[in-house]
Amino acid sequence: MNYRHAFHAGNFADCMKHALLVWLLRAMQRKPAGVMVLDTHAGIGRYDLETGPAQRTGEWRDGIARLLAAPSGALAEYLGLVRSLGLYPGSPALVLEMLRPQDRLVCCELHPEDHATLKRGFGRHATVHKRDAWEALGGLLPPAERRALVLIDPPYETEDEFERLMEGLKLGVSRFRSGVFAAWYPIKHRAPVRAFHQALRDSGIRDVVTAELWLRPPLDAARLNGCGLAVINPPFGFEAAAGEMLAALSAVLGELDGGCAVERICDE
Ligand SMILES: C[S@@+](CC[C@H](N)C(=O)[O-])C[C@H]1O[C@@H](n2cnc3c(N)ncnc32)[C@H](O)[C@@H]1O
């Protein structure tokens, strides 16, 4: 496990994922019944961008720094949370801040050091497992609440990560059909993304929408040119809201030939 999220915190991909995550959880909280948020690849929870790994790469300067300097109404809740939380909030920190008394957060993080940091910072308010995400999708679902938002945010360190994601989604949905699953994926070039969309169509999973942002056309397999979030069972209004948020992200973060799209991949 070589990937350390601290080098990439606050970059454009984090901003896209976190803005959509905030919307998804708020949408689920329209109903009073409690929600379990399962963060299968949680990272360390919060990140100091001014020192350490993030300062070394500087990726956040072309991500959250630009969004905070040119705030858009479509991203207001996410940016408000980032401003109020001080250190850049990873997914656990954003979710924890949004939880109501009836909701709960369950995190998995397999890297020993990152797990220890996450447990130290969040263990009092969330359940923090040192547990393999792909196994946890079977073991921790369905939740007692019968309502869950499952964020799946793998590091894509290995060639087969899209295949593992597909297997994870199939397992998760087989354990809990009505869960809202949000899976982040990188867009380097088009072929793997097309294959992933096709695998979703072939899987028999229903009600899937993808939201994608690309900073530049995805033609160079060696660069992270964009990213996507595949959402299974999206709450009402997701397609319209995602379209507005992606357009706002693209306007500030994208290059001239960048773009975004929201696409229904599988019917309800
Ligand atoms: C992209 S980062 C997560 C960022 C986090 N979700 C956020 O938005 O702030 C992916 C994390 O998954 C962890 N990881 C990698 N493989 C894992 C696995 N099989 N099970 C659980 N965690 C894993 C890595 O150590 C890394 O911290």
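The values are calculated or read from the model by the stated rules, or taken from the named source; none is laboratory data. If you're wondering where the values come from, they're calculated on a predicted model, not measured in any experiment. Don't worry about glycine lacking a Cβ; one is built from the backbone with ideal geometry, like all the others, and counts go over all protein chains shown.
Considering (1) more than 9 Å from the ligand (Cβ to nearest atom); (2) over 27 Å from Ser203 (Cβ atoms); (3) surrounded by fewer than 16 Cβ atoms within 10 Å (Cβ to Cβ), the lone condition that Lys130 does not fulfil carries the number (1).
Okay, residues lined up against (1) of a type outside the set (Gly, Ala, Ser); (2) in contact (Cβ under 8 Å) with a residue 12 or more places away in the chain:
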| residue | (1), (2) |
| --- | --- |
| Gln55 | yes, no |
| Ala69 | no, no |
| Glu77 | yes, yes |
| Pro89 | yes, yes |
| Gln102 | yes, yes |
| Glu109 | yes, yes |
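Scan region 70-105 for residues that are within 14 Å of the ligand (Cβ to nearest atom) and touching a Gly at 6+ places or on another chain (Cβ under 6 Å) and jot them down. Selection gives Tyr88, Gly90, Pro92, Ala93.
Out of Ile187, Ile205, one residue alone is touching a residue at least 12 places away in the same chain (Cβ under 8 Å), among the β-branched types (Val, Ile, Thr) and farther than 28 Å from Tyr3 by Cα. It is Ile205. In region 173-198, which residue that is buried (at least 18 other Cβ atoms within 10 Å of the Cβ) and small (Gly, Ala, Ser) is farthest from Pro235 (Cα to Cα)? The selected residue is Ala183. Within region 41-53, the set of residues being away from the ligand (no atom under 11 Å from the Cβ) and either of a type outside the set (Asp, Glu) or in contact with an Asp or Glu (Cβ under 7 Å, 6 or more places away or on another chain) (or both) comprises Leu49, Thr51, Gly52, Pro53. Close contacts from region 1-12, counting a first residue that is within 20 Å of Thr158 (Cβ to Cβ) and within 7 Å of the ligand (Cβ to nearest atom) and a second that is at pLDDT 95 or above and outside any helix (DSSP H, G or I), with Cβ to Cβ under 6 Å and a gap of 6+ residues or different chains, come to Met1/His111; Tyr3/Pro155; His5/Gly43. Residues in region 137-147 that are surrounded by fewer than 23 Cβ atoms within 10 Å (Cβ to Cβ) and within 16 Å of the ligand (Cβ to nearest atom): Gly138, Gly139, Leu140, Leu141. Here the condition is being farther than 26 Å from Lys188 by Cβ, more than 11 Å from the ligand (Cβ to nearest atom) and assigned to a helix (DSSP H, G or I); of Leu25, Leu38, Leu67, it holds for Leu25 alone. If Lys170 meets every condition in (1) crowded, with 18+ Cβ neighbours inside 10 Å; (2) touching a Ser or Thr at 6+ places or on another chain (Cβ under 7 Å); (3) among the basic types (Lys, Arg) apart from one, which number is that one? Unmet for Lys170, out of (1) crowded, with 18+ Cβ neighbours inside 10 Å; (2) touching a Ser or Thr at 6+ places or on another chain (Cβ under 7 Å); (3) among the basic types (Lys, Arg): (1). Quickly run through region 113-127 and pick out the residues that are within 13 Å of the ligand (Cβ to nearest atom) and of a type in the set (S, T, N, Q). Thr117, the sole residue that qualifies. Residues of region 231-255 that are among the aliphatic types (A, V, I, L, M) and either buried (at least 18 other Cβ atoms within 10 Å of the Cβ) or in contact (Cβ under 8 Å) with a residue 24 or more places away in the chain (or both): Val231, Ile232, Ala241, Ala242, Met245, Leu246, Ala247, Ala248, Leu249, Ala251, Val252, Leu253. Restricting the search to region 41-62, which residues are over 15 Å from the mean Cα position of the chain (by Cα) and not in a helix (DSSP H, G or I)? Result: Tyr47, Asp48, Leu49, Glu50, Thr51, Gly58. Gly34 satisfies every condition listed in (1) of a type outside the set (Asp, Glu); (2) under 28 Å from Tyr156 (Cα atoms); (3) surrounded by fewer than 23 Cβ atoms within 10 Å (Cβ to Cβ) except (2). Can you pull out the residues in region 37-68 that are on the phi > 0 side of the Ramachandran plot and exposed (fewer than 15 other Cβ atoms within 10 Å of the Cβ)? Gly52, Gly58 - these are the residues of region 37-68 that are on the phi > 0 side of the Ramachandran plot and exposed (fewer than 15 other Cβ atoms within 10 Å of the Cβ).
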